[in-house]
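Colleague: Once you've had a glance at the structure underneath, I'll fire off some questions.
The values are calculated or read from the model by the stated rules, or taken from the named source; none is laboratory data. Computed from a predicted structure; not experimentally measured. For neighbour counting, all protein chains shown are included, and Cβ atoms are generated from backbone atoms with ideal geometry for every residue, glycine included.
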Amino acid sequence: MSNAEPVSPLGLAWGAARGLLRAGTVSDLPSVSLHADQVWVRAEAVRAYAEVCGFGPEAGVPPTFAHILAFPLQMRIMLAAGFPFPVMGLVHIHNRIRQRAPLRIGESLTISARTGRLMAHDKGQAFSLETWVLRDGATVWEGTSVYLRLGKPGRGEPAPVLDVGEARAPVETWQAPADIGRRYARVSGDANPIHTSPLGARLFGFPRPIAHGMWAKARAVAALTRGQAVEAIEIETAFRAPLLLPGEARLSSGPAGAFELTDASGGRTHLRGRLISAPQPQDPSPC
């Protein structure tokens with residue numbers, strides 16, 4: 001089985017159950033790297049993802065799509081026997097992607113993922129996972145996700161804090177339907193029950209399922225880019241209060257690429273972000 005294939009429901013259940021026995025306090029994050037070759041950008045997968053996230057055909061391969069190509073590798077890292085935190089209950093608090101060149105439908109890519117580092121957070125232990133997408137040995141896309149294990153304040157360098165300033169100019173308001181968690185799970189492979197099941201959501205303290213953070217980010221990017229294809233782009237996002245399903249969300253923008261997703265009243269912030277059209281200078285590719 002390719003490392004880039006989605007984790008089976010049985011494998012996810014077994015890994016999640018095993019993870020519940022793990023200790024929450026660790027001195028370091030184990031160094032783990034996974035690679036997958038010949039990961040194809042399939043037209044049907046892009047179309048399904050684009051439809052769920054609000055991109056039109058003219059967008060080509062959305063800049064957020066590579067996250068779901070890399071997600072199976074991230075899951076295999078977190079479900080491995082030596083990983084110190086249970087995958088169930090982790091909170092995705094921050095995500096940054098940099099696209100250096102657009103992906104193309106029908107091409108074959110190499111994807112790498114590895115553990116990053118522990119990060120201090122006042123609500124628990126945070127840690128990062130890093131991913132790269134390579135075409136002919138050159139990095140065309142990279143991403144960093146920061147996850148939080150709730151509990152005692154963590155150790156390490158401070159978790160990233162995204163201060164984007166005010167974003168008050170209205171962009172778009174949309175309805176997040178009750179089934180969007182299940183729909184996004186089908187196209188992304190992220191079948192966490194807090195997004196797909198009323199019972200699963202209640203078990204983790206939510207009155208009803210919540211939207212995937214990466215769906216909300218992709219939906220915002222689709223609106224901010226007006227559904228058009230982009231070449232080089234960087235999008236950094238801090239995930240805040242969950243978006244309960246069904247729900248209404250309001251997207252606003254501000255100076256220097258700032259954007260914010262709130263509830264309809266503007267009083268509850270679901271995410272804050274910054275979108276810039278050209279990424280920073282390229283970091284070294286993974287070994």
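Colleague: Taking the stated definitions as given, is ILE235 at pLDDT below 95 and in contact with a strand residue (DSSP E or B) (Cβ under 6 Å, 6 or more places away or on another chain)?
Modeller: No, not satisfied.
Colleague: Across the stretch 173-187, what is the total count of residues that are under 19 Å from LEU244 (Cβ atoms) and either over 14 Å from the mean Cα position of the chain (by Cα) or basic (Lys, Arg) (or both)? Can you show your working first?
Modeller: First, the residues of the stretch 173-187 that are under 19 Å from LEU244 (Cβ atoms): 173-185.
Filter once more, keeping what is either over 14 Å from the mean Cα position of the chain (by Cα) or basic (Lys, Arg) (or both): 173-180, 182-183.
Qualifying residue count, the stretch 173-187: 10.
Colleague: Another question about this same structure. Could you please let me know if ARG96 is part of a strand (DSSP E or B) and crowded, with 18+ Cβ neighbours inside 10 Å?
Modeller: Against the criterion (part of a strand (DSSP E or B) and crowded, with 18+ Cβ neighbours inside 10 Å), ARG96 qualifies.
Colleague: Follow-up. For the stretch 152-176, give me the residue count where each residue is over 23 Å from GLU130 (Cα atoms) and small (Gly, Ala, Ser).
Modeller: So the answer is 4.
Colleague: Given the residues ALA48, ALA70, which is the only one that is crowded, with 20+ Cβ neighbours inside 10 Å, at pLDDT 95 or above, part of a helix (DSSP H, G or I) and of a type outside the set (S, T, N, Q)? I'd like the intermediate steps shown before the answer.
Modeller: Working: ALA48 fails: crowded, with 20+ Cβ neighbours inside 10 Å.
Of ALA48, ALA70, the one residue that is crowded, with 20+ Cβ neighbours inside 10 Å, at pLDDT 95 or above, part of a helix (DSSP H, G or I) and of a type outside the set (S, T, N, Q) is ALA70.
Colleague: Name the single residue, out of those in the stretch 163-183 being in a loop (DSSP other than H, G, I, E, B) and out of contact with any Lys or Arg (no Cβ under 6 Å at 6 or more places or on another chain), that is surrounded by the fewest Cβ atoms within 10 Å (Cβ to Cβ).
Modeller: Once the filter is applied, the top-ranked residue is ASP163.
Colleague: Looking at ARG135, is it surrounded by fewer than 19 Cβ atoms within 10 Å (Cβ to Cβ), closer than 25 Å to ALA222 by Cα and of a type in the set (Lys, Arg)? Walk me through how you get there before you give the answer.
Modeller: Values: surrounded by fewer than 19 Cβ atoms within 10 Å (Cβ to Cβ): yes; closer than 25 Å to ALA222 by Cα: yes; of a type in the set (Lys, Arg): yes.
Yes.
Colleague: Let me ask something else about it. So for the stretch 59-73 (the condition being over 17 Å from the mean Cα position of the chain (by Cα) and farther than 18 Å from PHE239 by Cβ), does at least one residue qualify?
Modeller: In the first step, residues of the stretch 59-73 are kept if they are over 17 Å from the mean Cα position of the chain (by Cα); the result is 59-60.
Still in the list and also farther than 18 Å from PHE239 by Cβ: 59-60.
Within the stretch 59-73 (the criterion being over 17 Å from the mean Cα position of the chain (by Cα) and farther than 18 Å from PHE239 by Cβ), the answer is yes, since at least one residue qualifies.
Colleague: Just to be sure, is ASP190 under 13 Å from the mean Cα position of the chain (by Cα) and acidic (Asp, Glu)?
Modeller: Criteria met by ASP190.
Colleague: Yes or no: the stretch 203-223 includes at least one residue that is modelled with pLDDT under 95 and part of a helix (DSSP H, G or I).
Modeller: Yes; the residues of the stretch 203-223 include at least one that is modelled with pLDDT under 95 and part of a helix (DSSP H, G or I).
Every residue, every condition in (1) within 22 Å of ARG96 (Cβ to Cβ); (2) of a type outside the set (Lys, Arg), yes or no:
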{"position": "ASP179", "(1), (2)": "no, yes"}
{"position": "GLY189", "(1), (2)": "yes, yes"}
{"position": "HIS195", "(1), (2)": "yes, yes"}
{"position": "ALA216", "(1), (2)": "yes, yes"}
{"position": "THR237", "(1), (2)": "yes, yes"}
{"position": "ALA241", "(1), (2)": "yes, yes"}
{"position": "ARG250", "(1), (2)": "no, no"}
{"position": "GLY273", "(1), (2)": "yes, yes"}
